[in-house]
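What follows is a short report on a single structure.
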Amino acid sequence: MRDLQLKSHRFRAEREGDWRRLESLLKKAEGGRASRLADDELLQIPVLYRAATSSLSMARATSLDASLIGYLESLTTRAYFFVYGPRTRLLQRLTRFFRQDWPEAVKGLWRETAICAAIFLVAACAAYFMVLRDNGWYDTMVGGMAQGRDFAASTESLKKVLYDNDSKHFLGAFAVFLFTHNAQVSIFCFALGFAFGLPTALLIAEQGLVFGAMLALYASRGLGWQLLGWLMIHGSTELFAVILAGAAGFRIGWAVAFPGEKTRIDAAAAAGRQAGVVMIGVVAMLVVAGLLEGVGRQTILIDWQRYTIAGVTLTLWLTYFYLPRRRRLA
């Protein structure tokens, strides 16, 4: 034991000066004063980091005391993040995400996005004509989401839903519920994409069936145009977000089904990185949709205003994602 302590003391005495020097430079840099480091100090940090890493390796190999090993592990970890970590601040990273990373990821999924949009529209059109032909399909497609809005309801009660602004104290809770529901659908569309995209396609089709069936109900009472404005004031953002989530799921499913020269795991991981960026942005879109849905559509009661907001919102999203832009150098 005495020999081990002596060995540890000599090991520390020979190298501790470099460790302390590295620690002092890191403290200076971590305190927000990295710009004040001189050029020679910046050049010293990688050299001292490699020396500390070598000391850590030797300490582990010779089974020196645990406190010394713990100190070197902490020191080398801090130095690693300074040497190899990102140089951007949180605000800069967020700015780059919204300015470049997210729109580029969405643009890269344009084929999958078109497929999801086509599935939704075909399902909505099919449901619309099926329900108009046979009202019995309505309950099958809409189910519990009808909340009294069915063919047994009077035209006046259906119209009241579209233009009633007497329930503003419920709008906050309603927005939270709808945000949670749409977030769950979006997450499932993305998460189940690995099963070759089949569950994702079914979920997108289900949303289209509900949309088309409810539109058929209101159209049968001469309120189709009014319902569409009521829905699209938030739907231009919400449905776009769900479709993008489906596109992200399709990208993963396609990679699993056709991995090319990669293994399926590697192909899915590569696709998941791009799809994950899209999904982070989808959450932001759902927050915007929740605000519009819970507040805007019950406080804005004029049809042309609803359609104006829906059209402007959709135009902004399309411009943001697909307008050609000059790529910034990293």
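From the list F98, F129, the one residue that fits, being of a type outside the set (A, V, I, L, M), closer than 30 Å to I252 by Cα and at pLDDT 90 or above, is F98. Of all residue pairs spaced 6 or more apart or on separate chains, those with beta-carbon atoms under 9 Å, a first member in the range 19-48 that is part of a helix (DSSP H, G or I) and loosely packed, with under 13 Cβ neighbours inside 10 Å and a second member that is of a type in the set (K, R) and modelled with pLDDT of 85 or more are E30/R78.
Quick check on T308: is it surrounded by fewer than 16 Cβ atoms within 10 Å (Cβ to Cβ) and in the same structural domain as K159 (by TED's automatic domain parsing)? Considered against the rule, which asks whether it is surrounded by fewer than 16 Cβ atoms within 10 Å (Cβ to Cβ) and in the same structural domain as K159 (by TED's automatic domain parsing), T308 comes out as yes. Determine whether T263 is over 23 Å from E206 (Cβ atoms), out of contact with any helix residue (DSSP H, G or I) (no Cβ under 9 Å at 6 or more places or on another chain) and not acidic (D, E). Against the criterion (over 23 Å from E206 (Cβ atoms), out of contact with any helix residue (DSSP H, G or I) (no Cβ under 9 Å at 6 or more places or on another chain) and not acidic (D, E)), T263 qualifies. Exactly one residue among T62, T113 is outside the structural domain of A205 (by TED's automatic domain parsing) and either of a type in the set (S, T, N, Q) or surrounded by fewer than 13 Cβ atoms within 10 Å (Cβ to Cβ) (or both), and that residue is T62. Against the conditions (1) of a type outside the set (K, R); (2) assigned to a helix (DSSP H, G or I); (3) under 25 Å from the mean Cα position of the chain (by Cα), where does A219 fall short? Just the number, please. Here A219 meets the rest and fails (3). Under the condition of being of a type in the set (V, I, T) and closer than 18 Å to F258 by Cα, the residues counted in the range 180-205 number 1.
Within the range 109-164, the only residue that satisfies the criterion of being basic (K, R) and not in a helix (DSSP H, G or I) is R149. Pick out the one residue from L301, L291 that is surrounded by 13 or more Cβ atoms within 10 Å (Cβ to Cβ) and outside any helix (DSSP H, G or I). The conditions single out L301. Restricting the range 215-271 to residues that are farther than 22 Å from C116 by Cα and among the aromatic types (F, W, Y), the residue that is modelled with the lowest pLDDT is W230.
The values are calculated or read from the model by the stated rules, or taken from the named source; none is laboratory data. Since the model is a prediction, treat every value here as computed from it, not as a measurement. When we count neighbours, we look across all protein chains shown, and the Cβ atoms used for this are built from the backbone with ideal geometry, even at glycine.
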